[in-house]
Structures are given as structure tokens and as C-alpha cells.
Amino acid sequence: MRARLRRSSFKLVLAFCAVVAALVAQDPTSYLTPGVMRVGDHLACRCGGCRNTVGNCPMLRCSSADPLRRRIYQMKMSGMSDQDVINTIVREEGTVALAAPPTGTLGGLITWVMPGIALLIGLFVYSAYVRRNRKAPEPLTEIDRATIERFRNQIDRELGESPETERKGSDAQT
């Protein structure tokens, strides 16, 4: 009976170790070596849930960063340099794979400068529209003046001040 119990507990410990080994082998953080992080900081995570790079995407089991980290790890293990890995991924996926647009080309320069230019153009169009459609204030009618005077008198009454008291107080101060 004891031998049977020992055998079953040994099998249970062995199964537990196999499960733990399988979980560790599937862990995406095992690919986070310094080389993968360095290359991943140049590539954009395109999962749609974050705006981070592949190197610092905080999502667990990210559908974009994890497979790309695995590919970068395999390329680095095969002896490729950082720039070769980046160039290979950009060649396969296009410049959208980059975290920052390239600055050496005209397209990269336009990508960096265009938001500021668009903002200035929008500000110019808005200010021209406002200036063109601005109207001079219309003069007050007698009804408007009477309404304003009635409310002014009501405010003075509620505060316990009279217009004559204010005038006398202001004359005394001067």
C-alpha cells in the first residue's frame, strides 16, 4: 500500500514539474533579453490597445508584441545585428513597423513637420473666418436699456444700497 502511495505521489510531483516546465517554456517574458529590448524600442506595438514600442509594451500576452519579440529573439540568436533585424522587419511590414518615422527621407521629414503645419493652417483659417464674420455690436434699444436699468435698481435694492449713497461715498473718497 505504501509503495503504491509513494508511486502515485511521485507521479503527481513529476506531472507538476512537467506542467511548470511547460508554463515557463511558454512564458513570453523569457524573450525579453537586453538585445530584444534594444531592438524592440525601435519598433511600434500595433495591437491597437497601446501606443508603446515592442520593447516596453506592458500588456500580457500582447497579440502584436509577443510574436515580434519571439522573431527578434530568433533573429538575434542567428547572429543578426540590431540594424539588420530592424531592416528585415521594416522590409516585410513597411515603415509602419517603426516606432518613430525615419528622419533621413523627405517622407519622414513631412511626417514630423506636418502636424505643426496643419495646426497653423487651421488656426489661420479659423482666425480669418472669425474676422470676416465678426459683426459690430448693435446699439441698445430703449427696451434693452429699461430692462438693464430695472435689474440694476433691483440689485441695488437687494443689497441695501442706493445709487445716491454710492455717489456720495465715491465723492467723499476723492
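The values are calculated or read from the model by the stated rules, or taken from the named source; none is laboratory data. Just so it is clear, the structure is predicted and the values come from calculations on it, not from any experiment. Using ideal geometry, Cβ is built from the backbone for each residue, glycine included, and neighbour counts are taken over all protein chains shown.
Brief remarks follow.
- Annotation: of all residues in segment 78-108 being outside any loop (DSSP other than H, G, I, E, B) and among the β-branched types (Val, Ile, Thr), the one that is surrounded by the fewest Cβ atoms within 10 Å (Cβ to Cβ) is VAL96.
- Filter pass, MET75 being more than 21 Å from PRO115 (Cβ to Cβ), of a type outside the set (Val, Ile, Thr) and buried (at least 18 other Cβ atoms within 10 Å of the Cβ): yes
- Restricting attention to segment 96-124, the residues being polar (S, T, N, Q) and either in the same structural domain as ASP41 (by TED's automatic domain parsing) or over 23 Å from GLY48 (Cβ atoms) (or both) number 2.
- Some residue of segment 51-60 being free of Cβ contacts under 8 Å to residues at least 24 places away in the same chain and part of a helix (DSSP H, G or I): no
- Looking across segment 14-48, the residues that are charged (D, E, K, R) and either surrounded by 14 or more Cβ atoms within 10 Å (Cβ to Cβ) or modelled with pLDDT of 75 or more (or both) come down to ARG38, ASP41, ARG46.
- When segment 41-55 is filtered for residues that are under 14 Å from the mean Cα position of the chain (by Cα) and either under 17 Å from VAL90 (Cα atoms) or not basic (Lys, Arg) (or both), the ones remaining, listed by number, are ALA44, CYS45, ARG46, CYS47, GLY48, GLY49, CYS50, ASN52, THR53.
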